[in-house]
């Protein structure tokens, strides 16, 4: 499933053709994706100007002039592509042609910017929903989400308070969207390795007895910031389905320190350990037991 950097990459790709433009035509080509489309889904979109395009955790959020918000989630295999009359994308080092199967083109937005935006989703785990902005705080899909890991609110003190007293392992705590929103398996593995913390470490060790941040918490927050920013600059990680809106693959996977590197030598300088994989909370965890404590 695409994680925060991939979703942010998609947002940046859609922003130039979507933000400030009117939705001239909206099409839902099937009755549902993961959830059924609302009966008035098309009617609430067609003719509306997109005043802003943001992101919350792994959700894309298009603000409309009507006061509604179009909430979009990529699911497991969802992707957007932008089609313009003058589009002439030249294959580059990380460029791959998209699938030609239009059977899975489930949603289309024809924009006044001259672009067609097509949502393709073979597995149909993605979803879209139109919500009144005034009702966002009560929206079940968003309610309870923790702070953005790249926002000003997320710092070592906040993380320590959220983990104080938690007996769960550190990796599970970071994957809990109520603790911090948008982190997924890949970037949690990478951040833990960069901060030299074991995924098996008890989450409560990030806080002192007075619930103040330990050095571990400070190191971890710095690693989360670094790995997410690096991944966004690289266009995300392309493992299975992720493509940028241009059709290009992201390439942060070439910078992985531990993820998907089982039995390879650890990249930490002077470590010499071997990356291992084990199953943790139903997910593959990659780590180096020699430098992650």
Note to self: If I model a spin label as a point 7 Å beyond the Cα along the Cα-Cβ vector, how far apart are those points for residue 152 and residue 210 in nm?
What the structure shows: 2.6 nm
Check: Pairing the Cα long axis of helix 215-233 with the longest principal axis of the chain, what angle in degrees results, from 0 to 90 and rounded to the nearest 10?
Finding: 30 degrees
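What's the ranking of 77-83, 271-277 by average number of surrounding C-beta atoms within 10 Å, highest first?
Details: 77-83: 21.0, 271-277: 15.7.
Output ranking for 77-83, 271-277: 77-83, 271-277.
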Check: Rounded to the nearest 0.05, what FRET efficiency is calculated for residue 225 and residue 83 with R0 set to 35 Å and r the Cβ-Cβ distance?
Finding: 0.50
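Helix-only estimate, please: 222 nm mean residue ellipticity of the chain, summing -39500 (n - 2.57) across DSSP H runs of length 4 or more and dividing by its residues, to the nearest 500.
Roughly -6500 deg cm²/dmol at 222 nm, from the helical runs in the chain.
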Check: So what is the diffusion coefficient of region 98-167 in µm² per second by Stokes-Einstein at 25 °C and 0.890 mPa s, using a Kirkwood Rh over Cα pairs?
Finding: 149 µm²/s
Checklist line | Label point at residue 65 placed 7 Å out along Cα→Cβ; residues across region 9-30 whose backbone nitrogen lies under 14 Å | finding: 19-25
Checklist line | Degrees between helix 4-18 axis and first principal axis of the chain (Cα, 0 to 90, nearest 10) | finding: 20 degrees
Notebook entry, point to check: Using the alpha-carbon atoms, what tilt in degrees (0 to 90, nearest 10) does helix 185-194 show relative to the longest principal axis of the chain?
Noted result: 40 degrees
Notebook entry, point to check: Taking Rh as the Kirkwood radius computed over C-alpha pairs, what is the Stokes-Einstein D of the chain at 25 °C in a medium of viscosity 0.890 mPa s, expressed in µm² per second?
Noted result: 121 µm²/s
Checklist line | Simple label model, 7 Å out from Cα along Cβ direction - residue 202 to residue 105, nm | finding: 5.6 nm
Next item on the list: Over the chain, calculate the relative contact order: mean separation of alpha carbon pairs under 8 Å at least 6 apart, over the residue count, as a percent.
Entry: 19 percent
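Per the Kirkwood formula on distinct C-alpha pairs, the Rh of region 4-138 is how many angstrom? Don't jump to the answer; show the numbers that get you there.
Working: mean 1/r = 0.0656 Å⁻¹.
Radius from the Kirkwood sum: 15.3 Å.
Read the figures in this text as sums done on the coordinates, not as results from a lab. Just so we're clear, the structure is a prediction, and the values are computed from it rather than from any experiment. As a convention, Cβ positions derive from the backbone with ideal geometry for all residues, glycine included, and neighbour counts pool all protein chains shown.
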